[in-house]
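Worksheet: the structure to be examined is printed underneath.
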Amino acid sequence: MKTYKFVMAGAAALLAVSAAAPAAGLAEQFTKCVDKFANAKTEASVMLECNAADGKLNDCKVVDNSAAGQGFDKAAMCVAEVLPIGSKTGTIRVPVKFSPKG
């Protein structure tokens with residue numbers, strides 16, 4: 001299984017409030033989402049716009065995808081399903097960067 005370096009660029013607040021979630025668990029989910037949906041050898045950036053409520057992201061949509069047609073939009077949506085966001089509420093943008101490691 002290829003491992004990925006994951007970056008929630010510009011989402012430091014999201015990562016800070018998600019400290020309760022083990023980083024290893026999030027990294028594992030990130031890798032599973034990429035393996036399921038995306039081209040494992042390609043770098044990509046996806047911008048999601050989501051509704052934040054009750055510690056979760058809902059109703060996400062892709063507003064930008066640097067690697068269209070390669071599955072990173074679906075991989076980003078998969079990651080968003082499990083990304084804890086703490087008490088943040090309202091419409092937020094979640095930038096997700098995929099970068100193969102090693």
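Values quoted throughout were computed directly from the atomic coordinates according to the rules given, and no laboratory measurement underlies them. As the structure is a prediction and not an experimental result, all values here were calculated from the model.
Across the stretch 54-68, coupling constants 3J(HN,Hα) worked out from phi with the 6.51/-1.76/1.60 Karplus curve, θ = phi - 60°, read 6, x, 9, 9, 10, 6, 6, 9, 7, 10, 7, 8, 6, 10, 4 Hz, and Gly and Pro carry x. With 18 Å as the limit on Cα-Cα distance, the pairs of K32/K61; K36/K56; K74/K97 that go past it are K32/K61; K36/K56. With the cut-off at 1.5 for a/c, could you classify the stretch 36-102 from its C-alpha gyration tensor as rounded, prolate or oblate? Taking the square roots of the gyration eigenvalues as a ≥ b ≥ c, the stretch 36-102 is prolate.
Taking amide hydrogens as placed 1.01 Å from N in the peptide plane, the amide H of K56 sits under 5 Å from those of I85, each at least 5 positions away in sequence or on another chain.
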